[in-house]
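To start, the structure under review is shown below, and the notes come after it.
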Amino acid sequence: MNEKKQGGFKISYLIIFLVIVLLFCLLFVDFGNNGQQIGYRDAYQMVVNTDPDNPNANPDGTEGIAGEKATYIYFQNGTGYVIVEGSQIPTNQVPTYSDYYFYYDSSAKQMFDDLFVEIGFTNVGYAPAGVSFWDILIPILYIAFAIFVIWMIYRMIAGTNKGAFNFGKTKVKSYTMTKVKFSDIAGMDEEKAELAEIVEFLKNPKKFTDLGARIPKGVLLVGQPGTGKTLLARAVAGESKVPFISISGSDFVEMFVGVGASRVRDLFDQAKKNKPCIVFIDEIDAVGRQRGAGLGGGNDEREQTLNQLLVEMDGFEPNEGIIVLAATNRSDVLDPALMRPGRFDRQIYVHIPDVKGREGILKIHARNKPIDDSVDFSVLARITSGFTGADIENMLNEAAILAARANRPKIIMEDITEGINKVIMGPQKKSRVITEKEKKLTAYHEAGHTIIAKSLKYCEDVQEVSIIPRGSAGGYTMSRPENDDMTMSIGKANDIIAMSMGGRIAEEIIFKNITSGASSDIQHATKIARAMVYEWGMSKKLGFMALSSNGEVFIGRDYQTRNNFSEKLAGIADEEIMSILNDNYKRAKEVLTEKIDLLHEMAKLLMERETIYKEEVDMIMAGKKTEEIVKIMEKREKEQKEKEAKLREEKSRYEKIRAYETKIAEGEKLVEQGILTTEELDLIKKEFEDFKKSIEEKKEDKTEEKSESKEVVEEKPKLNEEEKVETKVKVTRKRKTQNKKDDSEDK
């Protein structure tokens, strides 16, 4: 769709061709600066006549050329140049021209050398003479440079898409037919259903026009960054199979006044030539902000661009067959005229995916990745709460990089959890030097968080605990919700605050001292407590009352906004925040004091292993000792390594088989061409057969080993059964003998 028109012989090509022809021709042009060619005799007479004391010293008695006397002569490359009297010779320079020249070869050399000695002629030089190649080329290069400058100015004036004077042309990113389908998108069922109607309208407009319906002129996609707004727009184009014109909102803005409006007109002109089509404007808030919201005066250029966009979308001239899709993160700052029906008829909110959506997104991005059987997508969907589609894609990419770094054939669960942590907090800093005291302090700090989280009812389940520094944190306790709760209960808010205080309380109990390591925990707890009082109406004294307004501040509109509550209410709110924090601090301290043994055991395990997961945390809470848990973890790691080694071996075997098959297929073609002999191909086939036999023999050996071990295991119970039978017989006999003795004694 974005093909340039061909045809016509451009004037720039003609100019370049003429310059090349001119350079080539000038190499063969004689500029006439070498004077008139004369013979040896005439040159000899000229030289002889330079001697005023012996004017008739010519060997043949002839006189020199009347009125001409040579004053200078020099030789170079077999050519002699004679400068006659009266010629102008540049001062302190070897002349580059002459009035006469002759060809000076070996036959004339002896004659002139003897003559120079005889008459004492001293004006003889051996230097370049005449016009050199560079004397011709340098002026030509100057001319070519001037032509090039003129040509560049011509191009700038004529204008291309990148021309300096072509400001009014829009910077369209693509005229493409995308291949993205709705099936390539997961977690946005409602959003896809809304856009499916537009696709149906583009495919079969008559179905809607017969009922008097009109196609929506614009659809605004609103959502957080990374939720897939641009991907949805591309899927609409891919499903409807129409041209997709993409441009960014910032591409309309330029330093020259009126350029933005001109680019809007050019954009819709191109869309009309390719309709039906979809125009996608990314980050439309860059050009669609509210008018009259500029500080210190409005932005006339931005407002002109917006006015032109409003007219093009719904003005006097209809734009049928053109659908405008736009994406933004800040719909609250857009101009009301842009949001009305007739321009953006629909607003589709693209939310962060829920558990089901995240699981679908994980499966889509894991299609082309070798995932181990131990990876549970449902668990990953739960622990990635709050992740967007872009976050999930980045997380799986990090996991694949980690697996490749560890030389694993497949991506395991630990790689993915580490990828999650890298996305949230950054990479681990294992190289950082940590003292034993600091390590112990971090272990008790994180153990305090974990014990509180596992003990309180509404806290989220702990997925991972580590004392390895990551980002700005010395350690971390990662907890993820079981479900995506849309609301926050007062019980959950208080439990989260108490859990945040667990690290500081553990330091206070164990070390009788506190550190600055809880600074982020204090900020997190204070933020929740403030939200409980100011936004959620969860304080006892203030009750059902909000002291703050939700939404992001738009300076152009809200810079004069003031608090709508009194200072007295602000003081009461601060007291309520302090009360919530103090109550939860006491509650968390009671829990840790009661479960001090579990705190010691978990800190010991963290000191031993540095990182533990949900299974190990549950074992600690169940009362298992560190030594027992370490053995279980080591056994699990050993099994995983054996599994990875087996997978690597299978992968290597598969690659060798594929290499042999390719080699044999190529060998057969080479035999047909006569490059390879049949005997050489048979040798390759024999090597392949031997390799397959060795694989089969290894499998048989392993099968025999398994059967032997199974027989040993089965034989042992058989022997035990025989021993049991013999023992039972002996016991029966003994009882019978004893009974007989008893009977005889009774008798």
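Quick note: the coordinates plus some simple rules give every number you see, no bench work behind them. Only a predicted model underlies this, so the values are computations on that prediction, with no experimental measurement involved. A quick note on method: Cβ atoms are made from the backbone with ideal geometry, for glycine too, and the neighbour counts reach across all protein chains shown.
Worth pointing out:
- Fully extending the segment from Glu634 to Lys203, taken as 0.36 nm per residue of separation minus the present Cα-Cα distance, adds 149.2 nm.
- Protection-proxy order for peptides 485-494, 503-512, each taking the mean of Cβ atoms within 10 Å per residue, highest first: 503-512, 485-494
- Packing, taken as the mean count of other beta carbons within 10 Å per residue, orders the peptides 521-532, 445-456, 430-441 from highest to lowest as 445-456, 521-532, 430-441.
- Volume in Å³ per residue [convex hull over Cα atoms, computed for the stretch 262-416]: 180 Å³
- Couplings for the stretch 338-354, taken from phi via the Karplus curve 6.51 cos²θ - 1.76 cosθ + 1.60 with θ = phi - 60°, read 6, 8, 6, x, x, 10, 9, 5, 10, 10, 10, 8, 8, 8, 5, x, 7 Hz in order; Gly and Pro are left as x.
- On the beta carbon distance between Tyr142 and Glu655, with R0 = 51 Å, the FRET formula returns roughly 0.20.
- If you plug the beta carbon distance of Asp376 and Ala570 into 1/(1 + (r/R0)^6) with R0 = 41 Å, you get a FRET efficiency near 0.25.
- Computed from backbone phi, the HN-Hα couplings of the stretch 481-494 come to x, 6, 9, 8, 6, 7, 10, 10, 7, 5, x, 5, 4, 5 Hz, rounded to whole numbers (Karplus: 6.51 cos²θ - 1.76 cosθ + 1.60, θ = phi - 60°; Gly and Pro given as x).
- Legend: residue pairs Lys181/Lys206; Lys439/Lys492; Lys369/Lys614; Lys457/Lys614; Lys635/Lys698, Cα-Cα distance threshold 20 Å; pairs beyond threshold, Lys181/Lys206; Lys439/Lys492; Lys369/Lys614; Lys635/Lys698.
- Between the stretch 584-643 and the stretch 478-553, the Cα center-to-center distance that results, in Å: 25 Å
- Close amide-amide hydrogen proximity is noted between Gly223 and Thr328, Val350, each under 5 Å apart and 5 or more residues distant or on a separate chain (H modeled in the peptide plane; Pro and chain starts excluded).
- 5 angstrom amide H check on Leu547, placed H, neighbours 5+ away: Glu535
- The listed peptides 231-243, 643-655, ordered by packing as a protection proxy, come out as 231-243, 643-655 (highest mean of other Cβ atoms within 10 Å first).
- Per-residue Karplus couplings for the stretch 659-675, computed as 6.51 cos²θ - 1.76 cosθ + 1.60 with θ equal to phi - 60°, are listed in order as 5, 5, 5, 5, 5, 5, 4, 5, x, 5, 5, 5, 5, 5, 7, x, 7 Hz, Gly and Pro entered as x.
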